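Input: a single structure, listed below in structure tokens.
The values are calculated or read from the model by the stated rules, or taken from the named source; none is laboratory data. Bear in mind that the values here come from a model prediction, so they are computed numbers and not experimental data. All Cβ positions, even for glycine, are placed from backbone atoms using ideal geometry, and neighbour counts span all protein chains on display.
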Amino acid sequence: MDTLLIATFEILSFGAIVVLVVLGLGIIASMMGIFNFAQGEFVLLGAYVTYLVHSVGLPVPLGMLAAPVAVGTLGFVLEKLVVRRFYAAPIVAMLGTYALGLIIREAVRGLTGGLYLSVPEPISGSITIGNLHFATWRGVIVIITLLVMAASHALLAYTSFGLRVRASLENPQLARASGISTGLIYSITFAFGAALAGLAGALIVPVFSLFADLGIRFLIQGFVAVMVGGVGSFAGPVAGASVIGTFSAWLPWLMSPVIADVLVFVLAIIFIKLRPQGLVSGRGVNR
Amino acid sequence: MSSTGTGIRPPPQVIGAARSPVMASAFAARTKVLPILELALLIAASIAPLVLRDYITVYATRVLILCLFALSFDLVWGYAGILSLGQSLFFGMAGYAVALLSRDFGVGSIFAVLPAGSLIGFIAALLLAGFLLLGRHPSSVVFVSLGTMTGAYAADRLARGSHYLGGQNGIPSIPPMTIGSHEMSEGPGFYYLVLAILVLIYLLSRFLLRSQFGLALAGLRENEQRIAFFGYKVQHLKAIIFAISGAIAGTAGSLYAFHEGFVWTNMLGVVMSTQVVLYVLFGGSGTLIGAVIGTAIVEGLSFWLSDNYRDIWPIILGVLLLLVIMFRPLGLISLVLGERERVGHFGPGVKEKRNAAP
């Protein structure tokens with residue numbers, strides 16, 4: 001019984017991490033129709049900013065606040081300079097953002113000297129319930145993930161900005177004709193997706209420590225999750241991420257981690273093959 | 001996936017071809033660049049070992065093998081529009097297979113290991129293509145690239161975890177490849193062997209692409225739906241070219257394994273797959289020579305630069321790649337090669353037939 005509770009908590013917290021990483025990817029893919037291969041590196045960059053703030057002696061939570069702002073700003077600039085050119089050709093966009101990711105990854109590798117750097121948890125210790133111990137920070141990640149998810153959904157579903165984003169997605173010409181600056185909307189959406197990745201990186205760096213290939217670890221996972229969930233809706237990527245996160249955390253309890261890791265992806269690919277539209281089909285935020 | 005389900009084209013289609021008769025005749029009148037380029041490179045490659053120092057010849061052999069690998073990616077991406085982000089799966093699988101043949105069964109004869117490597121690449125690619133491409137729902141390009149990438153990642157993970165395959169360290173000190181009783185060691189001999197294989201496969205690919213099959217592929221690349229309406233089984237065509245490219249990648253992988261003398265997990269995984277994408281995009285996809293040039297330039301630059309600028313070289317490479325994708329989507333080859341010649345013509349009879357038609 002105790003192990004079951006511990007396992008559930010582990011699965012929940014890892015699922016939350018995957019959801020957090022995938023959310024930004026899903027929003028960019030769903031709202032803009034391009035797969036951002038640099039998303040993993042935005043996560044890495046968020047982690048690096050947090051480390052940087054920590055290494056100059058400032059408190060870690062400050063770094064975690066700075067990370068989404070810094071990465072979001074970078075995302076905004078990159079969208080203006082580079083990504084903008086690729087909207088007509090989604091495949092070229094994959095390659096272009098891949099090149100961006102390569103640049104960021106190698107830059108961080110150069111800056112960190114290829115080392116594994118650790119950042120302490122801002123809230124350490126564990127919560128004890130009965131004779132069970134839960135790492136507090138992982139609990140905090142779960143709560144923040146839920147808050148971020150709710151806030152993103154509210155932003156897209158209920159605000160006038162969200163309405164503009166959805167309008168630009170649904171019919172760019174008509175949106176432009178109605179006086180919406182679709183270019184600006186795209187920039188902000190991309191920056192928002194990047195900021196979410198930055199936040200994810202900042203929150204997970206105490207758990208995983210910082211290394212240059214941190215992003216790659218999540219990139220394939222993120223893509224598979226978005227495809228499993230279904231592109232085009234808000235709920236799709238979140239659902240996909242929950243499923244992938246749950247399986248990734250649960251299967252290693254049953255078999256060797258290597259087999260489990262591979263099995264998750266193979267099962268996911270087979271699922272996508274049989275149901276290309278994903279778990280949640282259709283467009284829009286509320287569907 | 002609605003925005004990417006249909007109408008996805010590889011970069012060659014994005015740029016409108018010069019189709020007006022005036023332009024066409026102007027291009028036809030110009031001297032052909034492609035054969036000159038191919039011949040010049042062949043001559044340069046043949047005399048290279050005579051002027052280069054030995055350790056550079058060894059490096060050049062590796063570059064030639066990678067050219068072969070790049071060719072296999074160019075066939076699927078540049079000609080059939082399949083973005084295979086897991087091309088190294090076939091490369092590495094064949095490499096591991098011949099390494100095991102050599103280690104555990106003592107088979108090192110070139111006449112056994114090269115066909116074995118190609119066959120393994122072919123079968124693996126055919127199976128993967130059968131799963132990813134065929135079926136009731138036509139697959140989107142994103143799905144295929146994700147599927148191939150996952151394949152490479154999975155193989156990498158499994159090889160890392162497998163004790164039999166040497167885990168992280170791979171399989172070291174593979175016995176050399178033999179021709180009869182002669183052992184092939186790195187140096188000019190190996191160089192010319194690889195060059196001969198590369199030229200042979202290059203010519204075969206060239207022949208294939210200029211045949212009826214190549215014509216159908218070109219149509220597929222230009223307008224997939226229209227080719228489907230003509231009654232071609234589009235997904236089957238893609239699967240065939242994918243399997244052929246798998247065989248070429250397998251050949252390259254087995255040569256690589258014997259040339260380096262060891263195989264390790266990077267050969268299977270995402271690192272190598274992305275490397276080959278870099279080569280082909282850089283040189284110019286959609287031309288066979290573009291893949292060769294791209295590989296030679298990227299590897300050549302990294303040879304000279306990585307000594308002095310080891311830390312920033314990968315960053316420079318990324319920036320260069322980004323610039324090429326943004327401003328030269330057809331690669332460096334498009335600096336000297338016109339659109340019409342890149343698309344090419346198909347067989348001597350085509351023109352007469354077209355004129356004869358009412």
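B:L101 fails exactly one of the following numbered conditions: (1) touching a Gly at 6+ places or on another chain (Cβ under 9 Å); (2) modelled with pLDDT of 90 or more. What is the number of that condition?
In the conditions (1) touching a Gly at 6+ places or on another chain (Cβ under 9 Å); (2) modelled with pLDDT of 90 or more, B:L101 misses (2) alone.
Name the helices (runs of 4 or more DSSP H) wholly within the stretch B:20-98 that hold at least 1 residues that are at pLDDT 80 or above, at negative phi and not aliphatic (A, V, I, L, M)?
Where helices (runs of 4 or more DSSP H) fall fully within the stretch B:20-98 and carry at least 1 residues being at pLDDT 80 or above, at negative phi and not aliphatic (A, V, I, L, M), they are B:34-51, B:54-74.
Please count how many residues of the stretch B:222-271 are under 20 Å from B:G130 (Cα atoms), more than 19 Å from the chain's Cα centre (by Cα) and aromatic (F, W, Y).
1
Here's the yes/no breakdown for (1) in contact with a Phe, Trp or Tyr (Cβ under 7 Å, 6 or more places away or on another chain); (2) more than 14 Å from every other protein chain (Cβ to nearest Cβ):
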residue	(1), (2)
B:L114	no, yes
B:A125	yes, yes
B:V141	no, no
B:S145	no, no
B:G151	no, no
B:D156	no, no
B:E183	no, yes
B:V194	no, yes
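In the list A:V142, A:V119, which residue meets the criterion of being in contact with a helix residue (DSSP H, G or I) (Cβ under 7 Å, 6 or more places away or on another chain) and not in a helix (DSSP H, G or I)?
Checking each option against the conditions leaves just A:V119.
Within the stretch B:69-113, how many residues turn out to be more than 13 Å from B:A125 (Cα to Cα) and of a type in the set (S, T, N, Q)?
Summing the residues that are more than 13 Å from B:A125 (Cα to Cα) and of a type in the set (S, T, N, Q) in the stretch B:69-113 gives 2.
Please give the helices (runs of 4 or more DSSP H) falling wholly within the stretch A:163-242 in which 2 or more residues are modelled with pLDDT under 85 and in contact with a Lys or Arg (Cβ under 9 Å, 6 or more places away or on another chain).
A:182-208, A:214-229
Kindly indicate whether A:V148 is within 11 Å of chain B (Cβ to nearest Cβ), in a helix (DSSP H, G or I) and crowded, with 17+ Cβ neighbours inside 10 Å.
No; evaluated as a whole, the condition is false for this residue.
With the structure loaded, tell me whether A:A175 is more than 14 Å from chain B (Cβ to nearest Cβ), in contact with a Ser or Thr (Cβ under 9 Å, 6 or more places away or on another chain) and free of Cβ contacts under 8 Å to residues at least 12 places away in the same chain or whether it fails that test.
yes
It is to be established whether one or more residues within the stretch A:38-46 are part of a helix (DSSP H, G or I) and touching a Pro at 6+ places or on another chain (Cβ under 9 Å).
yes
So which residues in the stretch A:247-262 are assigned to a helix (DSSP H, G or I), more than 22 Å from B:L146 (Cα to Cα) and more than 23 Å from the chain's Cα centre (by Cα)?
A:W253
Have a look at B:A257, B:A218 and point out the one that is touching a helix residue (DSSP H, G or I) at 6+ places or on another chain (Cβ under 6 Å) and away from every other protein chain (no Cβ under 14 Å).
Among B:A257, B:A218, only B:A257 is touching a helix residue (DSSP H, G or I) at 6+ places or on another chain (Cβ under 6 Å) and away from every other protein chain (no Cβ under 14 Å).
Within the set of pairs 6 or more residues apart or between chains, which connect a residue that is of a type in the set (F, W, Y) inside the stretch B:181-206 to a residue that is outside any helix (DSSP H, G or I) and surrounded by fewer than 19 Cβ atoms within 10 Å (Cβ to Cβ) with Cβ atoms less than 8 Å apart?
Note: pairs meeting the criteria are B:F190/B:M184.
For the stretch B:120-141, give me each residue that is in a helix (DSSP H, G or I) and surrounded by fewer than 17 Cβ atoms within 10 Å (Cβ to Cβ).
B:I123, B:L127, B:G130, B:F131
Just for the stretch A:85-144: of the residues that are in contact with a strand residue (DSSP E or B) (Cβ under 6 Å, 6 or more places away or on another chain) and of a type outside the set (F, W, Y), which one is farthest from the other protein chains (Cβ to nearest Cβ)?
A:I127
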